[in-house]
Every structure is written in structure tokens, then in C-alpha cells.
Amino acid sequence: MTLENITFVLGWTTVLNYMVLLLWFFVYVFGSDKIYRLHSRWFVMTREQFSQLHYLGMMVYKLAIFLFLLSPYISLKFVPS
């Protein structure tokens, strides 16, 4: 695999993962009541804990995208080919 191929793959996986993050956000914003009712059947948690869990999950996911996909992509864009 060449650096151009790796850069191409990292760029598109970054875009796709940010789209998954946006999907998660919109599903949570517009369907949080239904999701909470579904999850509260399985786990004992308050509404605040549920919101904190999703906020923390989105934060960790966004950080992982940045560290493992976006940062290497930006670094490889500066490497002369």
C-alpha cells in the first residue's frame, strides 16, 4: 500500500465515522425518550445518567476519530510524496 492509498482510506474513514457520530447525535436528539424507555427496561438509571452516558460516549468516539483517523490523515497530507 502506498502513502496515497493510506491517506485516501484514512480520509474516507474519517468522513464515514463523523457521519456515524452525526447520526448518533440526531437519533439521540430526536428520539431520546424512546431510547431511554427502551434502555431503562434493561438497566436501572435516571434520565440524567442516561444523558451523561450518551454525552460521554459521543465524546470518547469523537476523540477516537480524531486520534486514530484525523491526526494520521493530516500528518500524511504533509508528507511529501
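Determine which member of the set 1, 45 is over 30 Å from residue 77 (Cα atoms) and in a loop (DSSP other than H, G, I, E, B). Spell out how you get there, then give the answer.
Details: 1 fails: over 30 Å from residue 77 (Cα atoms).
Unique residue meeting the criteria: 45.
Among the residues that make up region 67-75, is at least one of them touching a Leu at 6+ places or on another chain (Cβ under 6 Å), among the hydrophobic types (A, V, I, L, M, F, W, C) and either part of a helix (DSSP H, G or I) or touching a residue at least 12 places away in the same chain (Cβ under 8 Å) (or both)?
Within region 67-75, one or more residues are touching a Leu at 6+ places or on another chain (Cβ under 6 Å), among the hydrophobic types (A, V, I, L, M, F, W, C) and either part of a helix (DSSP H, G or I) or touching a residue at least 12 places away in the same chain (Cβ under 8 Å) (or both).
Checking the conditions here, which among 15, 79 is at pLDDT 95 or above and among the hydrophobic types (A, V, I, L, M, F, W, C)? First the steps, then the outcome.
Details: 79 fails: at pLDDT 95 or above.
Exactly one of 15, 79 is at pLDDT 95 or above and among the hydrophobic types (A, V, I, L, M, F, W, C), namely 15.
Evaluate region 8-31: report whether one residue or more is surrounded by 14 or more Cβ atoms within 10 Å (Cβ to Cβ), part of a helix (DSSP H, G or I) and in contact with a Pro (Cβ under 8 Å, 6 or more places away or on another chain).
Within region 8-31, one or more residues are surrounded by 14 or more Cβ atoms within 10 Å (Cβ to Cβ), part of a helix (DSSP H, G or I) and in contact with a Pro (Cβ under 8 Å, 6 or more places away or on another chain).
For the subset of region 32-66 comprising residues that are under 23 Å from residue 8 (Cβ atoms) and in contact (Cβ under 8 Å) with a residue 24 or more places away in the chain, which member is surrounded by the most Cβ atoms within 10 Å (Cβ to Cβ)?
My answer is 65.
To keep it simple, each residue is scored yes or no on (1) more than 9 Å from the chain's Cα centre (by Cα); (2) at pLDDT 95 or above.
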site: 3; (1), (2): yes, no
site: 20; (1), (2): no, yes
site: 30; (1), (2): yes, yes
site: 34; (1), (2): yes, yes
site: 49; (1), (2): yes, yes
site: 62; (1), (2): no, yes
site: 73; (1), (2): yes, yes
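The values are calculated or read from the model by the stated rules, or taken from the named source; none is laboratory data. Treat the numbers as computed from the prediction; the structure is a model and nothing was measured. Note that each Cβ is placed from the backbone with ideal geometry, even for glycine, and that neighbours are counted across all protein chains shown.
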